[in-house]
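Student: Here it is, the structure in full.
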Amino acid sequence: MYRHILLRPVTSLRSFQIISRNFLSEAFSCREAWQSRLSTPTLAKLNQETLYYDLEQRFQQKQKISAIDIDIYANKLEDDSHIEEVADLMHKFRLTEEASNVLDSTQHAIVRNYVEHSHYSELIEILNNRIGYGIFLDDYTANLSLDRLITTNEFKWAARFATLLALQEDFENPITRTLATYACYRYVKGGQIEPFDDLIPAPVEEPEEGQKKKKKEEIKVRVKFLRNPFFDDHFDLTDSKALLGKTLYVLGLNSEGIVANNCHLLGSILHGKFEQSLKFIEANKGKEISQEIVTSAKGYLEQVEQKDSVEYTKLVEAFDNMQSTMKISNDNFEKILLDAINKAVSENESKQINQQKQIYSDWCTLRQQRLDDELTRLQRAKRIQDLEKIARDMEQDEQKLWFFENEDKIDLQIDSKKVFHPKRWFGKKKKPRTVDEGYVPPEVRQRQGLN
């Protein structure tokens, strides 16, 4: 059944490309199972506005928000009117001691709400700030996001999602792996990689003519030692081309056959790992690789700025001799990837749908259980406070009843609590006397004179 027909103006039949349908079926959205959470007693009668202001006030006063409250608020979202509020609360929640108790349903609800309302750039910022928000894609939300982006021809966003999954190093799900591979391939296919918007450095504002440059405030901090600069070549990657290359290489490690070979070769070249590319070509002599990928890899090699290295020269020679060292295939690589996606979907879709429906049901049960536990804890704390208040009131009543019998004892207690401060002189300070070592008292002089 065709659900999305997207036409674009083209200049020739060869450049006419169309995604005619979703790869995943309508049943994959599990919409009924997802909407069933709103009918649970926990969320049915909840006022979302009231809960937000209550959580905001609680954080301002006590610097504390419970994980179950954040989960309830995130799962109550039905539209994009509270997109910014839920992100703000999640960021504040990460600053509390309860951050380690976050529920999987909270992350899932936030990601799904952002994707369904096409807030891709905001979601990328949240996912890329792992310390600030602590939100990650799971298999289901990754498949849902990639399928939606690919079928709407948003290949740039789809490739960015794939790079985030590569940083998690989690491509065990066949549907996720094939969709991510197709997204990256379509984005690098043109020969020119446009940098991802969130990785473009902010422009430096230069003063206009006639204006003096403002001096930047320097804040000096004393440190015990300085760390040596370190680049992990993973989370520290900010170059879009290198990041896509690393993603394709990781996808190749999790794939097989010609798909793995193509991803290995193109990924290592985009990443700038020429020595790694040479080792791959030497270790895989006689294996199959696509002519399209070879041509694309040569094009990216020509874009390299520093061409004087030994590895670069050897790699160019290896590409010139590739016709004799590897089996070049003229099959359409895009069709190979599409066939791999359809195969992965047909083999795994129904299983994942059933698993996700069960997960939604388990989350509703867990949410109610956590809420009951939280209410029990609050009631216990309230009872303890009430008992402590009763004990204080009884102690005060006892002091009133037995005041005259314990008057001396009470007076001693009052005296013991008094704080006595030493007297201070607030007048004019006298100058200290100077001692003259040659001074002779008058009495001594008179005696010496009499004698």
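The values are calculated or read from the model by the stated rules, or taken from the named source; none is laboratory data. These numbers were taken from a predicted model, which means no experiment stands behind them. Every residue, glycine among them, receives a Cβ derived from its backbone with ideal geometry; neighbour counts consider all protein chains shown. What goes into the accessible areas is simple: the full protein's heavy atoms, side chains included, and nothing from ligands, DNA or RNA. Shrake-Rupley method; radii C 1.70, N 1.55, O 1.52, S 1.80 Å.
Student: Ignoring ligands, DNA and RNA, what percent of the 1.4 Å accessible area of the stretch 76-167 is carbon and sulfur?
Tutor: With neighbouring chains kept in place, the figure for the stretch 76-167 is 43 percent.
Student: Roughly how big is the stretch 246-346's charge dipole about its Cα centre, with Cβ charges of +1 (Lys, Arg) and -1 (Asp, Glu), in debye to the nearest 20?
Tutor: 240
Student: Kirkwood Rh and Cα-based Rg: tell me the resulting Rg over Rh for the stretch 310-451, rounded to two decimals.
Tutor: 1.62
Student: Just from its helices, what would the mean residue ellipticity at 222 nm be for the chain, if runs of 4 or more DSSP H residues each count -39500 (n - 2.57) and the sum is divided by every residue, rounded to the nearest 500 deg cm²/dmol?
Tutor: Result for the chain: -19000 deg cm²/dmol, rounded to the nearest 500.
Student: Same structure again: Any lysines with Cα under 28 Å of the LYS241 Cα? List them, leaving off those in the same chain fewer than 8 positions away.
Tutor: Result set, ordered by chain and number: LYS156, LYS189, LYS273, LYS279, LYS285, LYS287, LYS298, LYS307, LYS314, LYS327, LYS335.
Student: Also, I was wondering about something else. Percent relative contact order of the chain, based on C-alpha pairs within less than 8 angstrom and at least six residues apart?
Tutor: 14
Student: Expressed as a whole percentage, what fraction of the accessible surface of the stretch 331-451 belongs to carbon and sulfur atoms when a 1.4 Å probe is rolled over the protein heavy atoms?
Tutor: For the stretch 331-451, the apolar C and S fraction of the accessible surface comes to 54 percent.
Student: Give me the distance between the Cα centres of the stretch 341-363 and the stretch 265-325, rounded to whole Å.
Tutor: Taking the Cα centre of the stretch 265-325 as reference, the centre of the stretch 341-363 is 39 Å away.
Student: Shifting gears a bit: Pick out, in residue order, every one of the GluC sites (Glu not before Pro) in the stretch 52-135 that is DSSP loop and has at most 16 other C-beta atoms within 10 Å; say none if there are none.
Tutor: Of the GluC sites (Glu not before Pro), the ones in loops of the stretch 52-135 whose Cβ has at most 16 other Cβ atoms within 10 Å are GLU78, GLU97, GLU98.
Student: Only sites in a loop by DSSP and with at most 11 other Cβ atoms within 10 Å count here; which trypsin sites (Lys or Arg not before Pro) in the stretch 219-316 make the cut?
Tutor: Here the trypsin sites (Lys or Arg not before Pro) that fit, given the DSSP loop and packing criteria, are LYS220, ARG222, LYS224, ARG227, LYS285, LYS307.
Student: Which of the aspartates and glutamates could be linked to LYS216 by a straight reach, that is with a Cα gap under 15 Å, when you skip same-chain ones fewer than 8 residues away?
Tutor: In chain and number order, the partners are GLU205, GLU206.
Student: Hey, can you find the accessible area per residue of the chain for me, probe 1.4 Å, expressed in square angstrom?
Tutor: 67
Student: Shifting gears a bit: Scan the stretch 253-341 for GluC sites (Glu not before Pro) in coil per DSSP, keeping those whose Cβ has at most 12 other Cβ atoms within 10 Å, and list them by number.
Tutor: For GluC sites (Glu not before Pro) across the stretch 253-341 that sit outside H, G, I, E and B with at most 12 neighbouring Cβ atoms in 10 Å, the list reads GLU256, GLU305.
Student: While we're here: In what sequence, largest accessible area first, do ASP320, ASP138 appear using a 1.4 Å probe?
Tutor: ASP320, ASP138
Student: Straight distance only, please: which lysines reach the Cα of LYS92 with their own Cα at less than 16 Å, same-chain residues fewer than 8 apart left out?
Tutor: Cross-link targets: LYS62, LYS64.
Student: Also, I was wondering about something else. If you build the Cα gyration tensor of the chain and take the root of 5 times each eigenvalue, what three semi-axes come out, in whole angstrom, biggest first?
Tutor: Working through the eigenvalues yields semi-axes of 67, 41, 20 Å.
Student: Let me ask another. Just name one of LEU251, ILE200, LEU144: the one whose Cα is farthest towards the positive end of the charge dipole of the stretch 131-267 (beta-carbon charges, Lys/Arg +1, Asp/Glu -1).
Tutor: The one lying farthest along the dipole's positive direction is ILE200.
Student: Across the Cα atoms of the stretch 245-386, what radius of gyration and what greatest pairwise Cα-Cα distance (Dmax) are found, in Å?
Tutor: Rg, Dmax (Cα atoms, Å): 25.8, 86.
Student: Please arrange TRP363, TRP34, TRP402 by accessible surface area, largest first, computed with a 1.4 Å probe and ligands excluded.
Tutor: Heavy-atom accessible area, descending, gives TRP402, TRP363, TRP34.
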